[in-house]
Amino acid sequence: MSTVVTITEAHVREDEAITITQEAPIFDSTQLFSERVRRWQPPAIASLEPLAEAPGMMNLIVGKPNPDCFPFSGMSINLKGVEEPIQLGDKDLQNAFQYALMPGGMPELRQWFEAFQAKLHKSGPTGTWGCGIGSGSQDLLYKAFQVFTDPGDSILVDTPAYSGVLGFLNADGHNLVEVPSDAEGLNSPELERILATWPHDKHRSPRVLYTVPTGSNPTGLTCSEKRRIEVLRLAKKYNFLIFEDDAYYFLDFSTTYPKPRSYLSLEKEITNQTGRVLRFDSLSKIVSAGMRIGFLTTSCLPALKAVNMITGNTNLQASSISQVIALSLFRKWGHGGFLQHAARTAEFYKHRRDLLLAAAERHLRGKAKWEAPQAGMFLWMELLLPEQEKDSFEVLRKYASQAGVLAVPGTAFLPRGGKSGFVRLSYSLLSDDEGVADEVCRRIGVLVDLAW
Ligand code: PMP
């Protein structure tokens with residue numbers, strides 16, 4: 001247990017008193033655990049596994065297939081622009097093609113990422129915090145929601161919201177409470193108003209706030225540090241957790257410094273505790289989406305354990321091959337190489353964003369409104385539609401074929417559904433050719449014209 005020690009010995013003058021913050025106390029998040037997670041049990045054999053380490057033990061527990069029957073004899077990874085391929089050694093090969101029996105991920109990969117997170121977001125020794133690996137951050141998000149919410153519970157959702165979580169949250173019949181975002185990010189005064197006037201007679205107070213703080217999907221906007229701090233204060237005051245889904249953290253184009261710190265790195269300073277933030281990182285946007293690797297980082301170790309327990313009972317583990325490839329790559333790169341690659345990738349997307357913004361400026365003034373994305377791969381655009389047609393879904397349905405352009409209608413990002421005049425344009429796959437961005441925006445202009 002951590003302590004805050006203030007040294008005010010008689011021989012130290014009061015104004016010289018030193019405050020040594022050893023470790024911030026860890027918030028006991030188990031009080032917010034759902035009923036349903038309490039019903040999950042570790043797989044039956046898990047408790048016997050430590051016995052396997054006993055000298056001379058003939059272990060017949062494990063149902064691993066015999067790798068002699070696998071057809072693979074080697075694997076090498078070619079990297080763009082690098083002549084020497086990464087050759088996987090025997091141990092890596094054994095790991096790659098076999099069950100890992102570690103629902104939280106390969107220890108070496110976890111430790112590599114923990115050391116990385118320690119640089120980027122987290123202080124204090126691991127053990128007071130840690131990482132778990134999932135099949136993409138989506139998998140970890142789904143399971144973390146299982147840990148803290150029961151069907152029908154209220155969840156605070158930064159809105160507009162990543163539609164990928166709305167499907168499973170709505171399927172559980174949750175009361176999704178929309179907390180609007182503006183150009184500065186999550187609207188903390190509005191969040192406070194929602195919490196201060198909470199209808200306790202109708203709904204149990206929310207235990208989770210879900211937010212995408214960097215380059216939000218769909219808005220492309222990044223939450224300011226000031227707002228993050230206010231949100232953290234509210235999390236403590238109203239006793240909820242923050243699910244920080246930072247899938248676009250590495251695709252940051254902003255040129256203002258210092259960059260906002262993550263919720264995970266701010267929580268200790270702002271709440272004087274740790275363990276209220278669950279942070280989700282993804283390899284999908286910068287290494288490979290098909291590898292399906294994501295990381296959950298938190299001081300809320302019981303939550304990490306519970307997520308791993310659900311993994312152990314459901315999809316067993318993230319892909320071993322993907323984990324081995326990620327580890328081999330990271331060892332080659334080191335933390336510096338990872339960050340260099342991320343910076344190059346961000347530059348790639350920034351270039352495409354700039355092409356689209358310039359084309360929008362040329363073709364869509366007076367027909368649409370938008371804010372320049374600060375990170376990520378999306379432009380959130382409000383189509384200036386006639387009053388009776390202020391529904392981009394309807395407009396797309398009626399006129400997309402004729403205009404020859406398709407985008408995601410804003411309604412897909414509204415937790416409670418409803419009409420929206422916005423569309424989300426993805427520029428990630430846009431060609432480098434200025435003419436293509438021009439044509440895209442010209443066609444969106446046609447779409448708007450058709451609606452009038
Ligand atoms: N969060 C956000 C905001 C996303 O946009 C995505 C991917 N579209 C995910 C999570 C899921 O990412 P992953 O591939 O790591 O599961």
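Values in this text are rule-based calculations from the coordinates and carry no lab data. From a predicted model like this one, the values you see are computed outputs, not experimental measurements. Note: ideal-geometry Cβ built from the backbone for every residue, glycine included; neighbour counts use all protein chains shown.
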Inter-centroid distance (Cα atoms) of segment 23-82 relative to segment 147-173, Å:
28 Å
Positive-end residue of 101, 447, 191, charge dipole of the chain with Cβ unit charges
447
With a cap of 10 neighbouring Cβ atoms within 10 Å, and only residues DSSP puts in a loop, list the trypsin sites (Lys or Arg not before Pro) found in segment 183-265.
202
Stretched out fully, how many nm does the piece from residue 168 to residue 84 gain, at 0.36 nm a residue minus the Cα gap?
25.9 nm
Once the convex hull of the alpha carbons of segment 163-231 is built, what does its volume come to per residue, in cubic angstrom?
85 Å³
Excluding residues on the same chain fewer than 8 positions from residue 390, give the lysines whose Cα lies under 25 Å from its Cα.
367, 369, 398, 419
How would you rank 172, 201, 139, 245, going from fewest to most other Cβ atoms within 10 Å of each one's own Cβ?
201, 172, 139, 245
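For segment 247-356, what number results from the quotient of the Cα radius of gyration and 2.2 N^0.38 Å?
For segment 247-356, the normalised Cα radius of gyration comes out at 1.25.
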So for the chain, Kirkwood radius off the Cα pairs, Stokes-Einstein at 37 °C and 0.692 mPa s: how many µm² s⁻¹?
136 µm²/s
Expected output is a single nm value to one decimal: the length gained when fully extending between residue 30 and residue 335, i.e. 0.36 nm times separation in residues minus the C-alpha distance. What is it?
106.5 nm
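Relative to the present Cα-Cα distance, how much length would full extension add between residue 382 and residue 433 at 0.36 nm per residue of separation?
Values: separation 51, 0.36 × 51 = 18.36 nm, distance 2.44 nm.
Working it through step by step, the gained length comes to 15.9 nm.
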With no solvent and one point on each alpha carbon, what is the Debye value of log10 I(q)/I(0) for segment 278-320 at q = 0.15, 0.26 Å⁻¹?
-0.42, -0.99
Using only Cα atoms, what is the ratio of the radius of gyration of segment 322-452 to 2.2 N^0.38 Å?
1.28
May I ask you to derive the FRET efficiency for residue 201 and residue 40 from their Cβ-Cβ distance with R0 = 35 Å, giving the value to the nearest 0.05?
0.70
Could you check what % of the DSSP bridge pairs in the chain are antiparallel, to the nearest 5?
60 percent
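Over segment 70-146, what number does the Rg to Rh ratio reach, with both radii from the alpha-carbon atoms and Rh per Kirkwood?
1.05
Rounded to the nearest 500, what is the chain's calculated 222 nm mean residue ellipticity when only DSSP H runs of at least 4 contribute -39500 (n - 2.57) each, over all residues?
-12000 deg cm²/dmol
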If you take the beta carbon distance between residue 315 and residue 115 as r and set R0 to 25 Å, what does 1/(1 + (r/R0)^6) give as a FRET efficiency, to the nearest 0.05?
0.45
Per the 1/(1 + (r/R0)^6) rule, R0 = 35 Å and r from the Cβ atoms of residue 255 and residue 193, FRET efficiency to 0.05 is 0.60
Kyte-Doolittle at least -0.5, axis length at least 24 Å by Cα - qualifying DSSP helices, the chain:
320-363, 434-451
Taking the alpha-carbon distance from residue 91 and a cut-off under 21 Å, which lysines remain once sequence neighbours fewer than 8 residues away in the same chain are dropped?
64, 332
Reachable aspartates and glutamates from residue 237, criterion Cα separation under 16 angstrom, eight or more residues apart if same chain
28, 190, 192, 267, 269
Residue 365 and residue 54 label points (each 7 Å along its Cα→Cβ direction) are spaced in nm at 8.0 nm
Largest-first semi-axes in Å of the equivalent ellipsoid built from the Cα gyration tensor of segment 106-219 are 28, 17, 15
I want to check the label-to-label distance for residue 70 and residue 183. Put each point 7 Å from Cα in the C-beta direction and report it in nm to one decimal.
5.4 nm
